[in-house]
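Chemist: Got a structure for you, written out below as structure tokens; questions coming shortly.
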């Protein structure tokens, strides 16, 4: 299994500002994943974070808006840049261990 | 890319009855199909999964069936209990294991006492 610590758990931010979300895993993993869950909706993959290389972004998500760092095999950050109210969502990091995906507790972001 | 459709979006059943949630996927290369339960304000948690080389898998009151030809899979919960009330998500992946999941839209299941 994997224990994932994600912070902050929630934040209220002004539009135009940026927020960096941190994700710490208790074991070394090759890939970490960042998902967005808009209110009352499903999870959508934003990007895959690989240690030592640039993140791979899914269609509709760009590096300028969601820059990702992956400095080592247990840690990653996701920044939500130049925020607007449409960015209000829950952001979750995830890792795969064996056949199971484990999720952080999520960061509930509200942009006002 | 992969697209996963999930139905119904809401489901209400009497305690003790069975609940069935269905998903279809578009990419025949998908080979791993997990189901997640998400309680209000909590993270998604795996409840059962199935690989493409298996047609059915059961774990106590929960079972999943897979029809590769038709590209659909279903979650079956028997003898439902109030604590089964949650949002359930199906997902699909082309990689071995739970990497890069594509999720269905979710089903809000309510168990009425």
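Chemist: If neighbour count is taken as other Cβ atoms inside 10 Å, put B:35, A:34 in order from fewest to most. List each step's numbers first, then the result.
Modeler: On the way: B:35 23, A:34 26.
In order of increasing Cβ crowding within 10 Å: B:35, A:34.
Chemist: With a 10 Å cut-off between alpha carbons and a GNM built on chain B, which of B:16, B:55, B:41 moves the most?
Modeler: B:41
Chemist: Between B:66, B:40, B:11, where does the largest GNM mean-square fluctuation fall for chain B, given springs only between Cα atoms within less than 10 Å?
Modeler: Maximum among the listed residues: B:40.
Chemist: Let me ask something else about it. Tell me, what is the FRET efficiency for residue B:3 and residue B:67 to the nearest 0.05, using R0 = 22 angstrom and their Cβ-Cβ distance as r?
Modeler: About 0.85, to the nearest 0.05.
Chemist: Next up: Given chain A, what percent of its DSSP beta bridges are antiparallel, to the nearest 5?
Modeler: 90 percent
Chemist: If contacts are Cα pairs under 8 angstrom and at least 6 residues apart, what is the relative contact order of chain B in percent?
Modeler: In percent, rounded to a whole number, it is 37.
Chemist: Here is a further query. Report Rg (one decimal) and Dmax (nearest whole number) for chain A, counting Cα atoms only, units Å.
Modeler: Rg and Dmax of chain A, Cα atoms, are 13.1, 40 Å.
Chemist: Moving on to the next point. Let me check the size of the stretch B:33-77 from its C-alpha atoms; what are the radius of gyration and Dmax in Å?
Modeler: 11.4, 36
Chemist: While we're here: Between the alpha-carbon centers of the stretch B:56-87 and the stretch A:37-112, tell me the distance in whole angstrom.
Modeler: 28 Å
Chemist: Mind sorting A:17, B:110 by how few other Cβ atoms lie within 10 Å of their own Cβ, fewest first?
Modeler: On the way: A:17 11, B:110 14.
Least crowded to most crowded, the residues run A:17, B:110.
Chemist: Over all directions, the average projected area of the alpha-carbon convex hull for the stretch B:1-88 comes to how many nm²?
Modeler: Numbers: hull surface 23.8 nm².
Its average projected convex-hull area is 6.0 nm².
Chemist: Mean separation of Cα pairs under 8 Å and 6+ residues apart, divided by the residue count of chain A: what relative contact order is that in percent?
Modeler: Once divided by the residue count of chain A, the mean separation gives 38 percent.
Chemist: Which three numbers, in whole Å and largest first, are the semi-axes of the equivalent ellipsoid of the stretch A:1-50 derived from its Cα gyration tensor as √(5λ)?
Modeler: Output for the stretch A:1-50: semi-axes of 22, 15, 12 Å.
Chemist: Given a Förster distance of 22 angstrom, what is the FRET efficiency for residue B:105 paired with residue B:83, based on the Cβ-Cβ distance and rounded to 0.05?
Modeler: 0.45
Chemist: Just A:14, A:22, A:41 to compare: in a GNM of chain A, with alpha carbon springs under 10 Å, which one fluctuates most?
Modeler: Sorting by GNM fluctuation, first place goes to A:41.
Chemist: Sort B:52, A:9, A:42 so that the residue with the fewest other Cβ atoms within 10 Å of its own Cβ comes first and the one with the most comes last. Please report the intermediate quantities before stating the final value.
Modeler: Details: B:52 15, A:9 11, A:42 21.
Ordered by Cβ neighbours within 10 Å, fewest first: A:9, B:52, A:42.
Each value in this text was obtained by applying a stated rule to the coordinates, not by laboratory testing. Quick caveat, the model's predicted, so the values are computed rather than measured. Cβ atoms come from the backbone with ideal geometry, glycine included; neighbour counts cover every protein chain shown.
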